[in-house]
Amino acid sequence: MSLILYLDLDSFFVSVERILDPSLRGKPVIVGADPEQGRGVVAACSYEAREYGLHSAMPIKEAYRLCPHGIYLHGHHKEYELFSRAVKRLLEKYTPQIEQASVDEFYMDFSGLKKRYGSMFELAKKMQREVWQKLSLPASVGIGSNKTIAKIGSDYAKPNGITYVLPGMEKEFLAPLPIETLPGVGKVMQQKLNEKGFRIIADIARMTADYFATAFGKAGLNLWEKANGRGSEILIPRGVQKSISKAHTYEKDVIDFTKMESTLFELTAKVCQSLRNLNLQTTVVSVKLRYSDFITVTRDKKVKPTDDDGEIFETVRRLLKQAYSRRVSVRLVGVKLSRFVEYSEQLTLFDEKAAARKRLFRTITKIRDKYGYSSIGFYGF
Ligand SMILES: [Mg+2]
């Protein structure tokens with residue numbers, strides 16, 4: 001069971017503006033386009049402005065009509081970046097497992113760390129307090145078993161609150177909330193759902209998956225999953241390499257399956273080494289095959305986060321079997337790893353065997369870095 005903590009700064013742009021100019025406190029502040037020009041939208045607004053019906057992404061003209069005495073600012077976007085980085089640095093002290101979803105939203109993975117940190121609620125309070133005391137930024141936190149639940153929990157707690165949705169309580173928590181609470185339900189989708197009589201999340205959850213898949217396609221199925229308390233648990237760190245791949249072109253086209261297999265074995269070991277050097281784990285494995293007539297086939301498979309050669313090669317081998325379906329010789333084979341997550345040592349703290357494996361891989365990597373790739377070989381466990 002995953003444990004995701006999501007921290008979202010409350011009306012972030014406005015909070016920064018108030019640090020730069022404390023006289024803005026307690027007033028309706030709007031950051032966004034120039035209302036005199038009348039084009040563009042509200043980027044952010046204070047809670048005082050929200051009382052007039054303002055919200056982000058609203059046309060600035062409409063905002064001005066509703067709240068003509070508000071304080072309209074263009075915003076100090078460089079400062080927002082600086083504060084955003086400061087928040088991230090502060091959160092990194094708690095865990096290296098962070099996905100920054102936007103300038104003011106941070107997902108953190110505390111799976112398997114409950115023992116170390118004790119109460120997640122206390123941990124969230126501590127984080128929230130520290131962000132406030134050190135940076136004067138108010139934030140809300142959601143804690144849950146996946147990213148969607150954590151995010152909805154944080155929205156639910158705004159401003160300056162914490163929601164902890166206990167594992168197993170996801171459906172009950174979501175049930176009474178309006179459907180537009182679910183990420184992915186925009187104005188159009190909301191209207192479509194309303195027309196069919198769906199108002200609260202429970203209305204969606206009690207239907208069958210088939211119904212939603214048929215009525216609304218893939219997006220509908222996704223929505224149904226979320227309504228039932230499920231969601232992604234995988235964090236995607238920003239600004240890192242998106243994929244690692246290696247391919248080999250044969251001097252003479254081959255038809256021998258075993259030969260392709262052994263080439264892919266070596267390629268797999270190489271990409272895995274790069275993966276571990278970057279301190280990442282992969283969640284998607286792909287195999288590419290180019291026939292002598294240049295027809296190219298690729299096959300992908302989603303896997304649990306791993307940097308383990310043995311596990312990854314098993315998937316590669318299966319993908320190769322699927323990809324090699326013609327009796328035509330092959331000129332190129334390749335392997336690619338993508339959709340990375342950051343390597344988490346903590347996950348294996350309580351698992352002796354896994355920890356030993358990791359140490360072994362690290363050692364192999366070190367030896368190869370020093371003496372070259374072919375200096376050491378290993379063939380599964
Ligand atoms: Mg925010």
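The values are calculated or read from the model by the stated rules, or taken from the named source; none is laboratory data. This is a predicted model, so every value here is computed, not measured. Methodologically, a virtual Cβ is constructed for each residue, glycine included, from the backbone with ideal geometry; neighbour enumeration extends over all protein chains shown.
Observations, loosely collected:
- Candidates Glu180, Glu195: the one that is of a type outside the set (Val, Ile, Thr), in the same structural domain as Asn222 (by TED's automatic domain parsing) and touching a Gly at 6+ places or on another chain (Cβ under 9 Å) is Glu180.
- Qualifying residue in the range 283-292 (condition: part of a strand (DSSP E or B), touching a Leu at 6+ places or on another chain (Cβ under 6 Å) and polar (S, T, N, Q)): no
- The residues listed here are Gly70, Gly161, Gly75, Gly168; of these, the one that is buried (at least 20 other Cβ atoms within 10 Å of the Cβ) and either within 27 Å of Gly40 (Cβ to Cβ) or not basic (Lys, Arg) (or both) is Gly70.
- Evaluated against (1) within 16 Å of the ligand (Cβ to nearest atom); (2) closer than 23 Å to Arg230 by Cβ, Leu177 falls short on exactly one condition, (1).
- The one condition from (1) part of a helix (DSSP H, G or I); (2) touching a helix residue (DSSP H, G or I) at 6+ places or on another chain (Cβ under 9 Å); (3) surrounded by 17 or more Cβ atoms within 10 Å (Cβ to Cβ); (4) not acidic (Asp, Glu) that Thr263 does not meet is (2).
- Residues of the range 1-45 satisfying the condition of being among the small types (Gly, Ala, Ser) and within 12 Å of the ligand (Cβ to nearest atom): Ser11, Ser15, Ala43, Ala44
- Note on the range 97-129: among residues that are touching a Lys or Arg at 6+ places or on another chain (Cβ under 9 Å) and among the acidic types (Asp, Glu), the one that is farthest from the ligand (Cβ to nearest atom) is Glu99.
- Among residues that are within 17 Å of Pro138 (Cα to Cα) and under 19 Å from the mean Cα position of the chain (by Cα), Phe110 is not included.
- Subset tally (residues that are under 19 Å from Val185 (Cβ atoms) and among the polar types (S, T, N, Q)) for the range 152-162: 1
- Within the range 75-88, one or more residues are more than 15 Å from the ligand (Cβ to nearest atom), in contact with a Lys or Arg (Cβ under 9 Å, 6 or more places away or on another chain) and closer than 30 Å to Lys115 by Cβ.
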